[in-house]
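Enquirer: Quick one: the structure is below, questions incoming.
The values are calculated or read from the model by the stated rules, or taken from the named source; none is laboratory data. Everything numeric here is computed off the predicted structure, so don't read it as measured data. Neighbour counts run over all protein chains shown; Cβ positions are idealised from the backbone, glycine included. These area figures cover heavy atoms from the full protein model, side chains too; ligands, DNA and RNA do not enter into them. Shrake-Rupley method; radii C 1.70, N 1.55, O 1.52, S 1.80 Å.
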Amino acid sequence: MEEILRQAVQAAVEAGSAILDVYESDFAVTFKDDKSPLTEADRRAHAVIVRRLGSSTYPLLSEEGRDIPFAERRAWETLWIVDPLDGTKEFIKRNGEFTVNIALVHKGRPVLGVIYVPVQDTLYFAATKIGAYKLQKAQVTYTLGGPQTKIDLAGIMAAAAPLQCRRATDLPYTIVGSRSHSSPELEEFVEMQRQSAPNLQFVAAGSSLKFCLVAEGRAHIYPRLAPTMEWDTAAGQAIAENAGATVQHWHSRNVLAYNKESLLNPWFVVKPKPAEKVC
């Protein structure tokens, strides 16, 4: 698992570097068939990740990859699920709230997740039996050995801070939600919670950063009452779960599953596990 995690971290950091090259230029925006935006950064990051992860034995499902029929995917017990640039709208707005998401999914469950925030140069990563971590100044760590040197996972883990979501008592009740994809249902939920928590804070954040805020204990809950796709959430789920949170279907409370026939997620909620002071 450690070597697979190292590959995913290296792919994410290199993809982030490719994204920043475009971010700092006068880039153009096109639109896909579903009207979602697409930039050269999406394409470059996808190419980097495919090249880096192509040597692994696992197939890859990416937002920017080809449309793979379920008849083919259903035989994939283990696969990569990737969003080369999560938060393209935030990228276009130039607010820095976009990420590279890489997850390894086994039998429908995310067992490894990497989220890299290029503008902040911050790396979140997690894997089963390894735990969840946050490393700031990730690119500095990567370049210590030169751009052609393999990332030193042991060194990164030694420098990183473990993530353990907490039921923070020193913070007002904090809900995190999407910056660009709100919904009437989310607004209604926030107002209902405000009745019992008048000091409630609502924090808007882009991309998969919302998972990370719960994993860090900086938000109490992330309700997603709007559509997402599997590549939007797989890496974040791995990080949140390994930090001690749950990621569950909004209605049934079943754990979110992956590599389904429909890649559209149901509504879900991310929050610390119950009945514990520390998750």
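Enquirer: Is it the case that Glu216 is open to solvent by 10 Å² or more (accessible area, probe 1.4 Å), in contact with a Lys or Arg (Cβ under 8 Å, 6 or more places away or on another chain), charged (D, E, K, R) and within 21 Å of Ile115 (Cβ to Cβ)?
Expert: Working: open to solvent by 10 Å² or more (accessible area, probe 1.4 Å): yes; in contact with a Lys or Arg (Cβ under 8 Å, 6 or more places away or on another chain): yes; charged (D, E, K, R): yes; within 21 Å of Ile115 (Cβ to Cβ): yes.
So Glu216 fits the description; yes.
Enquirer: In addition: For Val190, which of the numbered conditions (1) open to solvent by less than 40 Å² (accessible area, probe 1.4 Å); (2) at pLDDT 95 or above; (3) of a type in the set (A, V, I, L, M) fails to hold?
Expert: (2)
Enquirer: Check Gly236 against each of (1) open to solvent by 10 Å² or more (accessible area, probe 1.4 Å); (2) touching a helix residue (DSSP H, G or I) at 6+ places or on another chain (Cβ under 6 Å) and name the one condition it does not meet.
Expert: Exception for Gly236: condition (1).
Enquirer: Across segment 84-107, what is the total count of residues that are over 21 Å from Leu53 (Cα atoms) and of a type in the set (Val, Ile, Thr)?
Expert: 2
Enquirer: Read through the list (1) surrounded by fewer than 19 Cβ atoms within 10 Å (Cβ to Cβ); (2) farther than 22 Å from Leu85 by Cβ, then give the number of the only condition that Ala226 fails.
Expert: (2)
Enquirer: Now for a different question. If I filter segment 52-63 down to residues being within 30 Å of Ala28 (Cα to Cα) and without any contact (Cβ under 8 Å) to a residue 24 or more places away in the chain, which single residue comes out as farthest from the chain's Cα centre (by Cα)?
Expert: The first filter runs over segment 52-63 and keeps only residues within 30 Å of Ala28 (Cα to Cα), leaving 52-54, 60-63.
Going one step further and asking which of them are without any contact (Cβ under 8 Å) to a residue 24 or more places away in the chain, we end up with 54, 60.
Values: Gly54: 20, Leu60: 16 Å.
Checking each candidate, the answer is Gly54.
Enquirer: Taking segment 239-257 as the region of interest, how many residues are within 19 Å of Leu61 (Cβ to Cβ), open to solvent by less than 10 Å² (accessible area, probe 1.4 Å) and not β-branched (Val, Ile, Thr)?
Expert: Result for segment 239-257: 1.
Enquirer: Can you tell me which residue is nearest to the chain's Cα centre (by Cα) among those in segment 134-166 that are under 14 Å from Ala215 (Cβ atoms) and modelled with pLDDT under 85? So that I can check it myself, show each step before the final result.
Expert: First, the residues of segment 134-166 that are under 14 Å from Ala215 (Cβ atoms): 134-135, 160-166.
Filter once more, keeping what is modelled with pLDDT under 85: 165-166.
Numbers: Cys165: 16, Arg166: 19 Å.
If we take residues in segment 134-166 being under 14 Å from Ala215 (Cβ atoms) and modelled with pLDDT under 85, then Cys165 is nearest to the chain's Cα centre (by Cα).
Enquirer: Could you please find all residues in segment 8-38 being among the polar types (S, T, N, Q) and either within 12 Å of Phe125 (Cα to Cα) or not in a helix (DSSP H, G or I) (or both)? Spell out how you get there, then give the answer.
Expert: In the first step, residues of segment 8-38 are kept if they are among the polar types (S, T, N, Q); the result is 10, 17, 25, 30, 36.
Correct list: Gln10, Ser25, Thr30, Ser36.
Enquirer: Next up: Go through (1) more than 18 Å from Thr57 (Cβ to Cβ); (2) free of Cβ contacts under 8 Å to residues at least 40 places away in the same chain one by one and return the number of the condition His106 breaks.
Expert: Against the list (1) more than 18 Å from Thr57 (Cβ to Cβ); (2) free of Cβ contacts under 8 Å to residues at least 40 places away in the same chain, His106 comes up short only on (1).
Enquirer: Out of segment 62-89, which residues are in contact with a Lys or Arg (Cβ under 7 Å, 6 or more places away or on another chain) and within 25 Å of Asp21 (Cα to Cα)?
Expert: Taking segment 62-89 and keeping what is in contact with a Lys or Arg (Cβ under 7 Å, 6 or more places away or on another chain), we get 64, 77.
Within segment 62-89, Glu64 is the sole residue that qualifies.
Enquirer: Mind telling me which of the residues Ala41, Ala103 ends up being open to solvent by less than 50 Å² (accessible area, probe 1.4 Å), farther than 29 Å from Asn242 by Cα and not in a loop (DSSP other than H, G, I, E, B)?
Expert: On the way: Ala103 fails: farther than 29 Å from Asn242 by Cα.
When all the criteria are applied, what remains is Ala41.
Enquirer: Okay, next question. Considering each of Gly113, Gly54, Gly65, Gly131 in turn, give the residue that is under 26 Å from Ala215 (Cβ atoms), small (Gly, Ala, Ser) and surrounded by fewer than 21 Cβ atoms within 10 Å (Cβ to Cβ). Give the derivation first.
Expert: Numbers: Gly113 fails: surrounded by fewer than 21 Cβ atoms within 10 Å (Cβ to Cβ); Gly54 fails: under 26 Å from Ala215 (Cβ atoms); Gly65 fails: under 26 Å from Ala215 (Cβ atoms).
Going through Gly113, Gly54, Gly65, Gly131 in turn, the sole match is Gly131.
Enquirer: In segment 72-92, which residues are surrounded by fewer than 24 Cβ atoms within 10 Å (Cβ to Cβ) and either touching a residue at least 12 places away in the same chain (Cβ under 8 Å) or outside any helix (DSSP H, G or I) (or both)? Working first, answer last.
Expert: From segment 72-92, those surrounded by fewer than 24 Cβ atoms within 10 Å (Cβ to Cβ) are 72-79, 88-90, 92; that's our starting set.
Correct list: Arg73, Arg74, Ala75, Trp76, Glu77, Thr78, Leu79, Thr88, Lys89, Glu90, Ile92.
Enquirer: What number of residues in segment 12-35 are touching a residue at least 40 places away in the same chain (Cβ under 8 Å), of a type in the set (Gly, Ala, Ser) and open to solvent by less than 30 Å² (accessible area, probe 1.4 Å)? It would help to see each step written out before you state the result.
Expert: At the first step, the residues of segment 12-35 found to be touching a residue at least 40 places away in the same chain (Cβ under 8 Å) are 12-13, 15-17, 19-20, 23, 29.
From what's left, of a type in the set (Gly, Ala, Ser): 12, 15-17.
Then keep just the ones that are open to solvent by less than 30 Å² (accessible area, probe 1.4 Å); that gives 12, 15-16.
Total satisfying the criteria: 3.
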